[in-house]
Amino acid sequence: MKAERPSDDKRWRLVDATMRRHGHEPNCLIEALHTVQESFGYLEKDALRYVALSLRVPLSKVYGVATFYHFFSMKPQGKHTCVVCMGTACYIKGAQNLLDSVRSRMVVEPGDTTSDGQLSLLTARCVGSCGLAPAVVIDNKVLGNVTESRLSETLGRSVEHEL
């Protein structure tokens with residue numbers, strides 16, 4: 001039985017092609033989710049169900065993978081993203097202060113997007129840059145040894161000049 005696409009949107013063809021390229025094997029789950037996110041900007045519940053049925057993987061596993069990795073989002077993201085690493089090394093070196101600074105400056109809570117849709121503030125368990133602690137990822141660019149002033153300046157260049 002073939003899973004029914006959530007909509008007639010042509011972007012589903014890209015998702016189908018990814019799964020087909022891997023023979024609809026369960027081990028292509030992460031790649032299929034990446035394709036969904038790249039195509040649609042986030043992972044909605046209907047997309048998770050479709051991937052689960054197509055790959056014959058329990059929905060609970062698909063949901064677990066989608067919520068475990070910080071690069072997947074279950075909500076539409078802002079034009080820009082700021083991911084503050086909260087891993088041990090980053091936390092010890094001031095990640096909480098960086099997070100608090102962005103929260104107050106941009107008026108956004110972790111996991112949410114500013115009301116104007118410009119910035120999504122996220123946290124990650126670890127971004128794999130412990131030697132650069134504290135680390136922040138802005139628009140997929142890793143910044144290391146981040147200070148509040150450097151983060152403020154970078155966000156100003158990335159986000160606020162567009163307002």
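Below, the figures for the structure above:
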| read-out | value |
| --- | --- |
| Yes/no for Leu98 being buried (at least 20 other Cβ atoms within 10 Å of the Cβ), modelled with pLDDT of 95 or more and touching an Asp or Glu at 6+ places or on another chain (Cβ under 7 Å) | yes |
| Only one of Ala47, Ala32, Ala52, Ala89 that is touching a Cys at 6+ places or on another chain (Cβ under 7 Å) and modelled with pLDDT of 95 or more | Ala89 |
| Those residues of region 123-145 which are closer than 16 Å to His80 by Cβ and touching a helix residue (DSSP H, G or I) at 6+ places or on another chain (Cβ under 8 Å), in sequence order | Thr123, Val136, Ile138, Asp139, Val142, Leu143 |
| Criterion (outside the structural domain of Val146 (by TED's automatic domain parsing) and in contact with a strand residue (DSSP E or B) (Cβ under 8 Å, 6 or more places away or on another chain)) met by exactly one of Ser39, Ser73, Ser7 | Ser73 |
| Residue that is surrounded by the most Cβ atoms within 10 Å (Cβ to Cβ), among those in region 31-40 that are of a type in the set (S, T, N, Q) and in contact (Cβ under 8 Å) with a residue 24 or more places away in the chain | Gln37 |
| Residue match in region 48-60 (condition: within 27 Å of Asp139 (Cβ to Cβ), surrounded by fewer than 15 Cβ atoms within 10 Å (Cβ to Cβ) and out of contact with any Gly (no Cβ under 8 Å at 6 or more places or on another chain)) | no |
| Subset of region 1-30 [within 22 Å of the chain's Cα centre (by Cα), surrounded by 16 or more Cβ atoms within 10 Å (Cβ to Cβ) and aliphatic (A, V, I, L, M)] | Val15, Met19, Leu29 |
| Number of the condition not met by Gln118 [criteria: (1) under 20 Å from the mean Cα position of the chain (by Cα); (2) in the same structural domain as Cys130 (by TED's automatic domain parsing); (3) at pLDDT 95 or above] | (3) |
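The values are calculated or read from the model by the stated rules, or taken from the named source; none is laboratory data. Bear in mind that the values here come from a model prediction, so they are computed numbers and not experimental data. Here Cβ is always computed from backbone atoms with ideal geometry, including for glycine, and neighbour counts include all displayed protein chains.
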